[in-house]
Structures are given as structure tokens and as C-alpha cells.
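The values are calculated or read from the model by the stated rules, or taken from the named source; none is laboratory data. For clarity, every value in this text was computed on a predicted model and none was experimentally measured. Cβ sites come from the backbone with ideal geometry, for glycine too, and all protein chains shown count toward neighbours.
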Amino acid sequence: MNLISFGIELNKKLKRDRATGLASEQAYYYLLALFPLLILLLSILPYLSIEPSRALEILNTFLPSETATVIHDNILEIFSKQNEGLLTFGIVGTIWSASSGMDAFMHSMNIAFDVEETRGFIKTKCISILLTFCLIFAFLVALLLPVFGNLIFSAVYELVFIPDGVVVFLHVIRWLVSVVVIAVVISILYRFAPNRAYRLKQVIPGAFAATVVWLMITVGFTFYVNHYAHYSSTYGSLGAVIVLMLWLYFTGFALVLGGEVNSLFHRNSRISKRKPLFVKK
């Protein structure tokens, strides 16, 4: 199957599986899980000698400024009122709430891979919690590399002269590592989320597609919102919430798209294996 035929089949499958509806469902649950997930993440950062406020500033690199400001202000307000109990008794409720987004993702992947959920509630919830921790790990790496990367580069630059071209190259490598980690985590999500056993190499195409599409959408949407679409002037304080929901919707659609790509790759590989090498005339 060539690229054009694959694109046509992918478009048909996206319509048949109601990919936009699945993305909307995920966006709703991602919004519910976002703040518990960030609270849990920020509760871990002090143990890594990272200030939560500085870590949240990195959101400005990925998100529209209005959305990043809303998350920054609300999370810091919530976090400042918490005590050490957040990592003891409160962590159970926080993890449970944060995993609700992963539950929606697993449901979407079952539809994308054309399988029914036969796993029990306890098993699926344990899987969603473990996958949530994988997502937290990806966030930690994405945060640690920019934060510690600047510190490491500054320390090395004071000891050894580094040409400007090499500095730029090292910064590019640092961000590429973050992208690779995100792609690996998405591969793990595709590997364990659907109710069907796949080898890791079978989900790499969809993980790569989801990562590239998500990065393109995020960068393009952020540029559009920051420079052209001023939602705050039209909707007031609700503008930032609308932008956040749109970004979560696009994130959900990118993840569904990757799952559909994996499903088609797996189906086409099975069909090609069934074809005989020689056809009798």
C-alpha cells in the first residue's frame, strides 16, 4: 500500500471511529486530570532541587501565553496552600484523579485498535495509574533537561571555551532528547493501553506520527493564539480556558491519530503475510 492509499484508508478509519469525538472526550478528562497531575508533579520537584515556579515557566515555551498564565497562577495558588500531607494521604486521591485522563485514552485506543475491553476494573485502573506515572516521568525529563541543561552549560562554559555554534548544537540536542523521550513514552502508552498485545516495534510508527503531529499542532496553535487570535479580548478571563480546551482537544486528536496509524499498519502487515508468494493462473 502506497502513501496515498494509506492516507485514504486512515481518513476513512478516523471518520468511522469518530476520532474527533474521541478527542473531545479525552480533552474533557484531560482537563479534569491536568491540575491533579501538575500538583503531583510539582510535589516531586522540590526533592529534585527545582523550584515549582521555575518549572512552570517552561510551559510558556510550549503553550499559548494565556493558557500558561492560567495554569501557572492556579497551580501555584493551590500548591502554596498544600502541606507535606499532599505526598502522604492526599497522594492517593491525586493519583486517582490524574489517572482519569489515562482511562479516557485507553478507551480511545481500544476503539482505534478495534478491540473490546475485557480486562477487569481493577486491572485497567492499575494500568492507567502505571501509565500516568510514565507520563509524569516524561514531564520530569522534559522539565529537567531545560532547567539543568542551562546550569550545566553555564558551568562548562566558565571552565572551557565553547564556540557559539557548538552551544547552539548542544541546545538543539537537549531539546531533541526531550522529544525522543516523549516519543518513547507515547510508544509505551500505545503498547499497554489497548486490550491487545503488541510488540513495541509495532507501535513505533504511530508514536512517531503522534509526536510529530502534536509538536506541529502545539507550535502552530501557540503561534496563532499568541499573534493573531486574542481570545481574552473577546471572552475575557474565559478566553484562556477556551484556549486550554482547544489545545487539549488537539492533543487528544494527535494521540488518536497515532493509534489509528498503528492499527492500520498492524492490519496491513497481517494482510500482507496472508498473501501467497505465487498465484496460480
Practice item. Scan the range 56-64 and give yes if some residue there is under 21 Å from residue 240 (Cα atoms), assigned to a helix (DSSP H, G or I) and at pLDDT 70 or above, otherwise no. Key: no
Exercise for review: Taking residue 91 as the residue in question, decide whether it is assigned to a helix (DSSP H, G or I) and at pLDDT below 70.
Suggested key: yes
Practice item. Select, from 225, 243, the only residue that is at pLDDT 75 or above and farther than 30 Å from residue 5 by Cβ. Key: 243
Review point. Of all residues in the range 172-217, which are under 23 Å from residue 27 (Cβ atoms), without any contact (Cβ under 8 Å) to a residue 24 or more places away in the chain and of a type in the set (Val, Ile, Thr)?
Key: 212
Exercise for review: Output the number of the condition that residue 199 fails; it satisfies all remaining conditions of (1) exposed (fewer than 13 other Cβ atoms within 10 Å of the Cβ); (2) more than 25 Å from residue 103 (Cβ to Cβ); (3) at pLDDT 75 or above.
Suggested key: (2)
Check your understanding: Looking at this structure, is residue 219 among the aliphatic types (A, V, I, L, M), exposed (fewer than 14 other Cβ atoms within 10 Å of the Cβ) and either at pLDDT below 90 or in contact with a strand residue (DSSP E or B) (Cβ under 8 Å, 6 or more places away or on another chain) (or both)?
Key -> yes
Point to revise | Residue in the range 30-42 that is hydroxyl-bearing (Ser, Thr, Tyr), at pLDDT 65 or above and under 17 Å from the mean Cα position of the chain (by Cα) present | key: yes
